[in-house]
Amino acid sequence: MSIVIAIAGIFFAIGLVDMMVHQALSPEEPEFWIESGAVYGLEVTDSDSEFSATWNMTLMAQNPNKKLVIDFDKVKVVVYYGSKEDFFYRDHDQYTIAKTQLSPFFLFTGNQTGLNFKLGVVGASFMITRPREGCSGIGQIRGDASG
């Protein structure tokens with residue numbers, strides 16, 4: 001019985017320390033936006049729904065935290081067509097047009113940085129299931145916060 005009480009006490013202490021650290025640091029989510037983007041060399045063939053293009057983009061990232069440095073070890077950018085539901089809840093490789101992985105980077109407290117990158121696609125096939133369905137993009141960001 002004393003072992004159960006000791007284990008419960010340890011979990012309570014860990015939870016209390018976690019709550020105090022979270023309260024002291026007040027962590028905020030980083031902010032991301034596309035600063036600029038351009039499509040070059042867009043060629044579309046009507047007969048077999050294939051196209052080629054190059055996207056030049058600048059992704060901006062900002063750390064609003066005053067006490068935490070954020071380390072991004074993987075930044076993956078994907079351009080897809082169709083709805084978000086098609087991409088996330090079905091076979092997303094079927095809807096992917098282009099993707100790239102950006103270099104790891106740090107965001108120091110209150111810092112903002114720009115990441116320039118290119119996405120290229122040659123002879124990608126796509127099926128339009130609804131009229132005027134366009135392309136969308138999503139950035140998947142994974143990082144570690146350190147203080």
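The values are calculated or read from the model by the stated rules, or taken from the named source; none is laboratory data. Owing to the predicted nature of the structure, the values given are computational and were not obtained by experimental measurement. Neighbour counts are summed over all protein chains in view; Cβ atoms, including those assigned to glycine, are modelled from backbone coordinates with ideal geometry.
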Check your understanding: What do you reckon, is Ser52 modelled with pLDDT under 80 and over 14 Å from Asn116 (Cβ atoms)?
Key -> no
Revision key, fill the gap. Within region 53-81, the count of residues that are of a type in the set (S, T, N, Q), farther than 23 Å from Pro27 by Cβ and over 14 Å from the mean Cα position of the chain (by Cα) comes to 2
Point to revise | Sole exception among (1) over 27 Å from Ser103 (Cα atoms); (2) in contact (Cβ under 8 Å) with a residue 60 or more places away in the chain for Ser52, by number | key: (1)
**Study point:** Failed criterion for Ser26 (all others in (1) over 18 Å from Leu102 (Cβ atoms); (2) of a type in the set (Ser, Thr, Tyr); (3) in contact (Cβ under 8 Å) with a residue 12 or more places away in the chain; (4) touching a strand residue (DSSP E or B) at 6+ places or on another chain (Cβ under 9 Å) hold)
**Key:** (4)
Practice item. Kindly provide the set of residues from region 63-101 that are exposed (fewer than 14 other Cβ atoms within 10 Å of the Cβ) and either within 22 Å of Glu35 (Cα to Cα) or touching a strand residue (DSSP E or B) at 6+ places or on another chain (Cβ under 6 Å) (or both), ordered by number. Key: Asp71, Asp73, Lys74, Lys76, Lys84, Gln101
Check your understanding: Which residue out of Gln94, Gln112, Gln101 is under 22 Å from Glu28 (Cβ atoms) and either over 15 Å from the mean Cα position of the chain (by Cα) or not charged (D, E, K, R) (or both)?
Key -> Gln112
